[in-house]
Amino acid sequence: MSEPNSAARLAEPPAREPGDPAPDRPERRARRADLLAVAAAVVLVAAAAAVGLYYNRPNSGVVIYASAPPLFALPLPHVGPGTVFAVVIAAAVVLWGPTLAARLPWRRALAAGYLASLAWILSLAMVDGWTRGFTGRLTTLQEYLHEVPGITDVPRMLREFSSRILDFQPDSWTTHVSGHPPGATLVFVWLDRLGLHGGAWASTAVVLVGSLVAVAVPATIALLGRHDAARVVLPFAVLSPGAVWIGVSADGLFAGVTATGIALLALSATGFTRGRRYAVPAGLAAGLLLGFGIFLSYGLVLLGLVALAVAVLGRRWRAAALAVVGALAVVAAFALAGFWWLEGYHLVVERYYQGIATLRPYSYWVWADLAAVAIAAGPAVVAAARRGVSFLPKPRKALFAEPAVLIGVAALVTILFADVSGLSKAEVERIWLPFGVWLLPMTALLPRPGRRWWLAAQGATALAVNHLLLTSW
């Protein structure tokens, strides 16, 4: 157990918080630039929607496989059982979230953030109803649960996993199983073996783990020494538009697992700095979670950039070394069980081009994907990212003084790498959730007087998406 005054408990924020404006002309220009950045994002989204709808015309000659571009969803204005709860939760977080995050003892603030995030995600899912929005999401023919009853021998499944990745075979895995390493399927197999059968339990597990993002992201910033910034980030981590896809897609679970791993890496670095006993197990646990992360989704190997940023900021390479050992242990365990990650990756790329990826045009999705990310991130993150990027020309010392900036920029680079790869054409509002959550730390750079308005914009974005569209995940 850590002591009450350890890095896990933060001091009260000082009079001046990160992003607080000085009453001068440069800050007014910065605010105008924030609004211009959001306006540019709106134009990007509008252009992606207009071009996508143009392509969706009969006989257009272009197939994008997205009925509500740039999102993978169906246009369907609707309300549901969760509507009132979602609106009330959003209003409560906007009105009281920043104050509670600033004043509560840190552990209580994190607990409150987790519960608020859980309630927000569930209420958004319930807008679509119990079956359509929650229990049925992971039970379709393309999903993991479709394969779970047929997996009676896990060691055999792991040995034969790669041989069933390619399509057009009698025993080819279903879409999502074949498109991911076996770790993703194993999660749902393990739930089934524990007696937690069916879509309700699977969706519950996804939401419970996905809600950890609201704890892990601000906790990481706090552990890296910016306690005040962590308190600012907490309400934004709760009221993220990405919550629409955390409830319920397996990528929400992936985001929760890997975010927790990165937070443990920061905890290990802090532990070595303070001579705490938890430093070694925290470092190994970080590696185990991050190592398991790349067996949840191949693309999550790119999160190594965010982990590297945290390691650099933590300045304790023993923590990073332990994490590497933990990650390699996971790789070795899967290899000994019969699954080699690189072989699976190469086969998945081949499988990817056996399907609709061949038809979806890279020339459209390479920029329309960024529009989808802008929606899932929300206008506050767009404005905050502009401020974060503006730090880049500053001296290196300034970058290291603001962990939120270095982590956020690492997340931006990760998303750009994933984008240009062309291996995620569409559906990135869920696929890139594990990357997008690490843009949230940059919200600490937003000026204090306007934070509630930015927070309200985040909630409004999520509510608009969930009530105007029927998301597919």
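The values are calculated or read from the model by the stated rules, or taken from the named source; none is laboratory data. For clarity, every value in this text was computed on a predicted model and none was experimentally measured. No Cβ is skipped: glycine too gets one built from the backbone with ideal geometry, and neighbour counts run over all protein chains shown. What goes into the accessible areas is simple: the full protein's heavy atoms, side chains included, and nothing from ligands, DNA or RNA. Shrake-Rupley method; radii C 1.70, N 1.55, O 1.52, S 1.80 Å.
Got at least one residue in region 178-197 being more than 28 Å from LEU342 (Cα to Cα), surrounded by 22 or more Cβ atoms within 10 Å (Cβ to Cβ) and in contact (Cβ under 8 Å) with a residue 40 or more places away in the chain?
No, that holds for no residue.
If I ask for residues that are over 15 Å from PHE292 (Cβ atoms) and within 23 Å of the chain's Cα centre (by Cα), which ones from region 167-190 would you list? I'd like the intermediate steps shown before the answer.
Initially, region 167-190 is screened for residues over 15 Å from PHE292 (Cβ atoms), giving 167-179.
Those that are over 15 Å from PHE292 (Cβ atoms) and within 23 Å of the chain's Cα centre (by Cα): THR175, HIS176, VAL177, SER178, GLY179.
Would you mind stating whether VAL206 is closer than 22 Å to ALA86 by Cβ and in contact (Cβ under 8 Å) with a residue 60 or more places away in the chain?
Spelling it out, VAL206 is indeed closer than 22 Å to ALA86 by Cβ and in contact (Cβ under 8 Å) with a residue 60 or more places away in the chain.
Condition check ((1) modelled with pLDDT under 95; (2) hydrophobic (A, V, I, L, M, F, W, C)) across all residues:
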residue	(1), (2)
GLY422	yes, no
ARG452	no, no
LEU455	no, yes
THR461	no, no
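Consider region 140-149. How many of its residues are under 22 Å from the mean Cα position of the chain (by Cα) and open to solvent by 50 Å² or more (accessible area, probe 1.4 Å)?
Residues in region 140-149 being under 22 Å from the mean Cα position of the chain (by Cα) and open to solvent by 50 Å² or more (accessible area, probe 1.4 Å): 1 in total.
Among the residues of region 206-227, write down those that are open to solvent by 20 Å² or more (accessible area, probe 1.4 Å) and more than 11 Å from the chain's Cα centre (by Cα). First the steps, then the outcome.
Step one: of region 206-227, the residues open to solvent by 20 Å² or more (accessible area, probe 1.4 Å) are 208-209, 212, 215, 223-227.
Passing the criteria: LEU208, VAL209, VAL215, LEU223, LEU224, GLY225, ARG226, HIS227.
Can you report the number of residues in region 425-456 which are under 19 Å from the mean Cα position of the chain (by Cα) and part of a helix (DSSP H, G or I)?
Initial filter on region 425-456 (under 19 Å from the mean Cα position of the chain (by Cα)): 425-444, 455.
Filter again for part of a helix (DSSP H, G or I), leaving 428-431, 433-444, 455.
Within region 425-456, residues that are under 19 Å from the mean Cα position of the chain (by Cα) and part of a helix (DSSP H, G or I) number 17.
Taking ALA48 as the residue in question, decide whether it is open to solvent by less than 30 Å² (accessible area, probe 1.4 Å) and part of a helix (DSSP H, G or I). Break it down stepwise before answering.
Working: open to solvent by less than 30 Å² (accessible area, probe 1.4 Å): yes; part of a helix (DSSP H, G or I): yes.
Criteria met by ALA48.
Does region 56-74 contain any residue that is surrounded by 16 or more Cβ atoms within 10 Å (Cβ to Cβ) and assigned to a helix (DSSP H, G or I)?
no
Restricting attention to region 423-460, which residues are within 21 Å of ILE64 (Cβ to Cβ) and of a type in the set (Phe, Trp, Tyr)?
TRP432
Going through region 463-473 one residue at a time, which ones are in a helix (DSSP H, G or I) and surrounded by 24 or more Cβ atoms within 10 Å (Cβ to Cβ)? Before you say what the answer is, go through the steps one by one.
Within region 463-473, the subset in a helix (DSSP H, G or I) is 463-468.
Result: ASN466, single match.
Listed here are the residues, each with its yes/no results for (1) among the small types (Gly, Ala, Ser); (2) open to solvent by less than 40 Å² (accessible area, probe 1.4 Å); (3) assigned to a helix (DSSP H, G or I); (4) over 30 Å from ALA464 (Cα atoms).
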| position | (1), (2), (3), (4) |
| --- | --- |
| HIS346 | no, no, yes, yes |
| GLU350 | no, no, yes, yes |
| ALA357 | yes, yes, yes, no |
| ALA371 | yes, yes, yes, no |
| ALA376 | yes, yes, yes, no |
| ALA384 | yes, yes, yes, no |
| ALA398 | yes, yes, yes, yes |
| VAL405 | no, yes, yes, no |
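Are there any pairs, at least 6 apart or on different chains, whose C-beta atoms fall under 6 Å, with the first in region 105-120 and surrounded by fewer than 24 Cβ atoms within 10 Å (Cβ to Cβ) and the second modelled with pLDDT under 95, and if so, which?
TRP106/ARG9; TRP106/LEU10
May I ask you to say which residue of ARG360, ARG386 is in contact (Cβ under 8 Å) with a residue 12 or more places away in the chain and under 20 Å from GLY422 (Cβ atoms)? Before the answer, list the steps.
Values: ARG386 fails: under 20 Å from GLY422 (Cβ atoms).
ARG360 is the lone residue from the list that is in contact (Cβ under 8 Å) with a residue 12 or more places away in the chain and under 20 Å from GLY422 (Cβ atoms).
State all residues of region 34-44 that are out of contact with any Pro (no Cβ under 7 Å at 6 or more places or on another chain) and either in a loop (DSSP other than H, G, I, E, B) or β-branched (Val, Ile, Thr) (or both); if no residue qualifies, say none.
Matches in region 34-44: VAL42, VAL43.
Can you find, within region 412-460, the residue that is nearest to LEU122 (Cα to Cα) among those that are touching a Ser or Thr at 6+ places or on another chain (Cβ under 9 Å) and open to solvent by 30 Å² or more (accessible area, probe 1.4 Å)?
ILE431
In region 75-103, what residues are among the aromatic types (Phe, Trp, Tyr) and surrounded by fewer than 16 Cβ atoms within 10 Å (Cβ to Cβ)? Show your work before the answer.
So the first thing to find is which residues in region 75-103 are among the aromatic types (Phe, Trp, Tyr), and the list is 85, 96.
Result: TRP96, single match.
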